[in-house]
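The values are calculated or read from the model by the stated rules, or taken from the named source; none is laboratory data. In this text the structure is predicted, and so the values were computed from the model without any measurement. In this analysis, Cβ positions are derived from the backbone assuming ideal geometry, glycine residues included, and neighbour counts consider all displayed protein chains. The area values use the complete protein model at the heavy-atom level, side chains included, leaving out ligands, DNA and RNA. Shrake-Rupley method; radii C 1.70, N 1.55, O 1.52, S 1.80 Å.
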Amino acid sequence: VLVLPPSESGYYSCVVPPVASKPGASPIQVVVGTVPQNVSDFSCESNSWSNLTCAWRPDVVNYVLTNYTLQIKYDGRPGRKHPGNCPKIEYEEGYYRCSWTSHSTPAYRQGVESFKFELTSFNKFGVNTQVISFNHFANVRPAPPVDLRVQKLTSHKATLAWSIHYSMYHFPKN
């Protein structure tokens, strides 16, 4: 057994010298990995309260297959939490992603101001769990305004008017 520090993780090739009784020995590949590490590049955004999408990528390249679970924990009645697993984790362009909508199970709960995520990464060397606090209302990207119009136009001034998208009518003020 060869034990290397995480900084030495990578691909190594070992070649067994040919022996008279076994000519033409093949090279073997040794893959070195680590227990999953914390991620620091974790972010979530709501698109006009229609969905909530979280994305992350590991800080450390790990040559051992690492899987993830993401659980969202909404506050419920006092003393009680309502956890829910990510409906489906997808991997694209170096990022893992998970989205909740009003139709997913569990459903995206637009009216909850803050909650926690529990991101668990696991592989054959171990398990790592992070708890991440999230301010939901601070991470809502509103839909573009509708019915944008010029009310008054002069050579030095323009007065514009618009309406907010219906999905934002009940968004808390301030």
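Considering only residues that are open to solvent by 50 Å² or more (accessible area, probe 1.4 Å), within 17 Å of residue 43 (Cβ to Cβ) and in a strand (DSSP E or B), which ones fall in segment 124-162? Give the steps one after another, and end with the answer.
From segment 124-162, those open to solvent by 50 Å² or more (accessible area, probe 1.4 Å) are 124-125, 127, 129, 131, 133, 135, 138-139, 141-142, 144-158, 160, 162; that's our starting set.
Retained after the next criterion (residues that are within 17 Å of residue 43 (Cβ to Cβ)): 131, 133, 135, 138-139, 141.
Answer for segment 124-162, where residues must be open to solvent by 50 Å² or more (accessible area, probe 1.4 Å), within 17 Å of residue 43 (Cβ to Cβ) and in a strand (DSSP E or B): 131, 133, 135, 141.
Which of the following residues is modelled with pLDDT under 90 and either within 14 Å of residue 49 (Cα to Cα) or not charged (D, E, K, R) (or both): 135, 128, 174, 85? I'd like the intermediate steps shown before the answer.
Values: 135 fails: modelled with pLDDT under 90; 128 fails: modelled with pLDDT under 90; 85 fails: modelled with pLDDT under 90.
From the options 135, 128, 174, 85, the qualifying one is 174.
Any idea how many residues of segment 102-123 are open to solvent by 30 Å² or more (accessible area, probe 1.4 Å) and either out of contact with any helix residue (DSSP H, G or I) (no Cβ under 8 Å at 6 or more places or on another chain) or in a strand (DSSP E or B) (or both)?
Result for segment 102-123: 12.
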